[in-house]
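Structure first, then comments.
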Amino acid sequence: MGLFETSGIGVKICGITRPVDADACVRAGADALGFNFFSESKRYVDPATALEWIRALEGVVERVAVVVNPSSELLQKLKESGCFEMIQFHGDESPEVCAASGVGSWIKALRVKRGDSLAMPGLYSTTNLLIDAWSPREYGGTGVQTDHGMARELVEAFPTKRFALAGGLMPDNVAKAILEVHPAAVDVAGGVESSPGVKDAGKVEAFLQAVRNAQG
């Protein structure tokens, strides 16, 4: 089952940098894992070394390649690798750039703040969207909590879209966020780490259990 194909709230653990962490997240029940190919990210993984162990996860969990304003060369390499079920555009990519990318299945991350147009989700042809907190300096992974009021407005305004909620989620606040926003999925990176890029298996398990509890 994929992130947006579960019967309940899907869970994506993002910023996976080590095979041992990928295995721990799979054992805990994550629906998808995110791998960051933005070289300026604290959770960057080099395709030259990471694709081999990511390939071994085929059929085990949905694999998402996270990119930020990617070059055509990087996109081509990720597509040709056969290692990913989805690409997540997490930068300033326009609707036209995303649509012309040639990627079969993709997510567009929207870094939202008050004053943004609520029409933004409708500009992208994909049905899969991620709502993240706005930062003028970083493309995600900031630990800043998303404006849940605005996130709920977006979810309600586009009932045919499937939204994943990210931004400052942790085991002790994800249930409340689900009740406030009603997303199709949740996405976490720093909230389940002991340090950037190093996942804490206990926090991962607690996060998954909190999501289950929120669904009754």
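Descriptive notes on the structure:
- Note on the stretch 50-96: among residues that are in a helix (DSSP H, G or I) and hydroxyl-bearing (S, T, Y), the one that is surrounded by the fewest Cβ atoms within 10 Å (Cβ to Cβ) is S72.
- Matching residues, the stretch 157-214, being without any contact (Cβ under 8 Å) to a residue 60 or more places away in the chain, closer than 22 Å to T17 by Cβ and among the acidic types (D, E): D200
- Candidate set: the stretch 22-49, residues that are over 25 Å from N69 (Cα atoms) and among the charged types (D, E, K, R); chosen: the one surrounded by the most Cβ atoms within 10 Å (Cβ to Cβ): D31
- In the stretch 161-191, residue surrounded by the fewest Cβ atoms within 10 Å (Cβ to Cβ) [restricted to those that are assigned to a loop (DSSP other than H, G, I, E, B) and touching a strand residue (DSSP E or B) at 6+ places or on another chain (Cβ under 7 Å)]: K161
- Some residue of the stretch 205-213 being among the aliphatic types (A, V, I, L, M) and in contact with an Asp or Glu (Cβ under 9 Å, 6 or more places away or on another chain): yes
- Qualifying position, being touching a residue at least 12 places away in the same chain (Cβ under 8 Å) and either under 22 Å from C25 (Cα atoms) or among the aliphatic types (A, V, I, L, M) (or both), among V97, V64: V64
- Count of the stretch 110-136 residues which are modelled with pLDDT of 85 or more and surrounded by 12 or more Cβ atoms within 10 Å (Cβ to Cβ): 16
- Residue in the stretch 75-89 that is among the small types (G, A, S), touching a Cys at 6+ places or on another chain (Cβ under 8 Å) and under 24 Å from P47 (Cβ atoms) present: no
- Breaking point among (1) under 20 Å from F38 (Cα atoms); (2) in a loop (DSSP other than H, G, I, E, B), for L130: (2)
- Among residues of the stretch 207-216, those that are out of contact with any Gly (no Cβ under 6 Å at 6 or more places or on another chain) and buried (at least 17 other Cβ atoms within 10 Å of the Cβ), counted: 3
- Residue list for the stretch 17-32, filter: part of a loop (DSSP other than H, G, I, E, B) and closer than 22 Å to R162 by Cβ: G29, A30, D31
- Any hit, the stretch 25-37, residues being free of Cβ contacts under 8 Å to residues at least 12 places away in the same chain, within 22 Å of P196 (Cβ to Cβ) and of a type in the set (G, A, S): no
The values are calculated or read from the model by the stated rules, or taken from the named source; none is laboratory data. Quick caveat: nothing in here was measured; it's all calculated off a predicted structure. When we count neighbours, we look across all protein chains shown, and the Cβ atoms used for this are built from the backbone with ideal geometry, even at glycine.
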